[in-house]
Structure formats: structure tokens, C-alpha cells
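Trainee: Sharing a structure with you now.
The values are calculated or read from the model by the stated rules, or taken from the named source; none is laboratory data. Just so it is clear, the model here is predicted, and its values are computed rather than measured. Cβ coordinates were reconstructed from backbone atoms using ideal geometry, including for glycine residues, and neighbour counts include every protein chain displayed. These area figures cover heavy atoms from the full protein model, side chains too; ligands, DNA and RNA do not enter into them. Shrake-Rupley method; radii C 1.70, N 1.55, O 1.52, S 1.80 Å.
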Amino acid sequence: MLRLKQLKQQKDANPNKTIDVNATAKLRISQDISKLDIPKICKVEHPEPDNIMLLKLTVTPDENIYKDAVVPFIMNFSCNYPFEPPKIKCTKKIYHPNIDLDGNICLNILRDDWTPALDIQSIIIGIVFLFTHFNSDDPLNKDAAEMLAQNAAQFERNVRQALAGSRVDGVNYDRLYASDSHLGRGFGYGRY
């Protein structure tokens with residue numbers, strides 16, 4: 001509220017000057033991007049080159065049951081960043097306990113545990129973590145979480161089927177495999 005009051009005072013003092021209410025957020029985003037040291041399985045880009053407030057993250061896990069999938073996310077930052085987290089969505093339909101069918105992500109640092117000390121690097125690491133450590137205790141996709149808890153082997157089959165762009169439990173999933181190299185290969189998985 002104080003920031004809005006200050007911006008209004010600046011606008012009143014300089015009526016012909018345009019004030020960029022996103023300036024602070026843009027500066028922080030630029031700083032975050034300049035410090036990025038992301039894993040090789042990630043790619044960050046600007047889908048709209050003139051809009052730094054929008055980033056595309058692509059994660060291509062190289063292990064676990066999501067190996068070889070290409071999973072795109074959009075990060076949409078508001079003028080309140082870093083005081084509030086960006087809105088993040090998976091732009092493709094994926095079978096995952098912590099990502100719902102609308103692309104919403106269940107990641108604690110994007111909700112209750114967010115602090116301005118966190119940055120884009122922290123968010124990326126958190127998203128990558130979701131592909132190796134599923135949280136079936138706080139799921140967004142309850143069907144996937146129940147399957148994971150009840151039958152890990154069937155969960156794995158459902159993941160592979162969904163990543164191939166097939167139908168699972170009455171839902172059509174987007175094809176997320178970049179190639180057919182995953183066919184005929186079993187997946188070992190670690191801790192859930």
C-alpha cells in the first residue's frame with residue numbers, strides 16, 4: 001500500500017512522466033536471471049522478448065520415471081515480485097501428483113513458504129525436485145497420488161502412458177516425450 005501511495009505522489013509531482021510500476025520487479029528479475037546457474041536439464045527463455053515479466057521454463061528430466069519428457073512451465077511475475085511469488089503453470093497436461101490437470105503446481109515455496117529472499121533459481125530447483133520427489137501427502141492430482149500410494153508399478157505405467165500422449169483414467173494427456181527413445185526401456189525409480 002505504501003508503494004502505491006509513493007507512486008501516486010510521484011505521478012502527481014510529474015504529471016507528464018510515465019511511471020513504470022513494474023520497475024522494481026523488472027530489476028529484481030534481471031538480477032535473478034543474471035545469477036542463474038540452472039541444471040543442464042532446464043532451459044529458461046523469454047517467450048515474449050519485450051516482456052521480462054514472463055519466463056518460460058522447460059524441464060527435461062534425465063532420470064526417474066519422467067526421464068526424456070519435455071515439460072514446459074510459464075512463470076508470470078507481478079509488480080509485487082519479490083514480495084509475492086510468480087504465478088507458475090505447467091502449459092501441458094501431465095500425470096503428476098503435484099501438478100493438476102489445469103497446470104497448477106503444488107510447491108510450498110510458491111505458497112506459504114515464500115519469502116523475498118527466494119529467487120528464480122530457488123523456484124527452478126523446487127520444480128526440478130518435483131520430478132524426483134513426489135509429495136502424495138499434499139497432492140493436486142488426487143487420482144495420481146492415490147495410485148502412487150496404492151500401486152507404484154501402475155503409477156509408473158500411467159506416467160509413461162500419459163507422457164506418450166495417451167489416455168489415462170478417462171483423461172487425454174499431452175505428448176511430452178521429445179522422441180520415441182523411451183520405448184522398450186524400463187525405468188528405475190528412487191524414493192517417492
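Trainee: Just a yes or no: is a residue in region 50-70 touching a Leu at 6+ places or on another chain (Cβ under 6 Å) and buried (at least 19 other Cβ atoms within 10 Å of the Cβ)?
Mentor: yes
Trainee: Run residue 58 past the list (1) at pLDDT 95 or above; (2) of a type outside the set (Lys, Arg); (3) farther than 15 Å from residue 126 by Cα and report the number of the one that doesn't hold.
Mentor: For residue 58, the failing item is (3).
For (1) surrounded by fewer than 11 Cβ atoms within 10 Å (Cβ to Cβ); (2) modelled with pLDDT of 95 or more, each residue gets a yes or a no:
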{"site": "4", "(1), (2)": "yes, no"}
{"site": "8", "(1), (2)": "no, no"}
{"site": "16", "(1), (2)": "yes, no"}
{"site": "21", "(1), (2)": "no, no"}
{"site": "24", "(1), (2)": "no, no"}
{"site": "28", "(1), (2)": "no, yes"}
{"site": "35", "(1), (2)": "yes, yes"}
{"site": "42", "(1), (2)": "no, yes"}
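Trainee: Got a number for residues in region 86-108 being touching a Leu at 6+ places or on another chain (Cβ under 6 Å) and at pLDDT below 95?
Mentor: 1
Trainee: Sticking with this one: Condition test on residue 136, is it at pLDDT below 95 and open to solvent by 60 Å² or more (accessible area, probe 1.4 Å)?
Mentor: The answer is no for residue 136.
Yes or no, residue by residue, for (1) under 26 Å from residue 156 (Cβ atoms); (2) open to solvent by 10 Å² or more (accessible area, probe 1.4 Å); (3) of a type in the set (Gly, Ala, Ser):
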site	(1), (2), (3)
92	yes, yes, no
96	yes, no, no
108	yes, yes, no
114	no, yes, no
117	no, yes, yes
123	no, no, no
128	yes, yes, no
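Trainee: Tally time: how many residues in region 27-52 are assigned to a strand (DSSP E or B) and not basic (Lys, Arg)?
Mentor: 3
Trainee: Can you confirm whether residue 74 is aliphatic (A, V, I, L, M), in contact with an Asp or Glu (Cβ under 7 Å, 6 or more places away or on another chain) and either open to solvent by 40 Å² or more (accessible area, probe 1.4 Å) or in contact (Cβ under 8 Å) with a residue 12 or more places away in the chain (or both)?
Mentor: The answer is no for residue 74.
Trainee: Of the conditions (1) touching a residue at least 60 places away in the same chain (Cβ under 8 Å); (2) part of a loop (DSSP other than H, G, I, E, B), residue 55 clears all except one; give me its number.
Mentor: Going through (1) touching a residue at least 60 places away in the same chain (Cβ under 8 Å); (2) part of a loop (DSSP other than H, G, I, E, B) one by one, residue 55 breaks only (2).
Trainee: Out of the helices (runs of 4 or more DSSP H) lying entirely within region 80-170, which hold 1 or more residues that are aromatic (Phe, Trp, Tyr)? Don't jump to the end; show me each part of the working.
Mentor: Working: elements: 120-129, 142-150, 152-163.
In region 80-170, the matching helices (runs of 4 or more DSSP H) lie at 120-129, 152-163.
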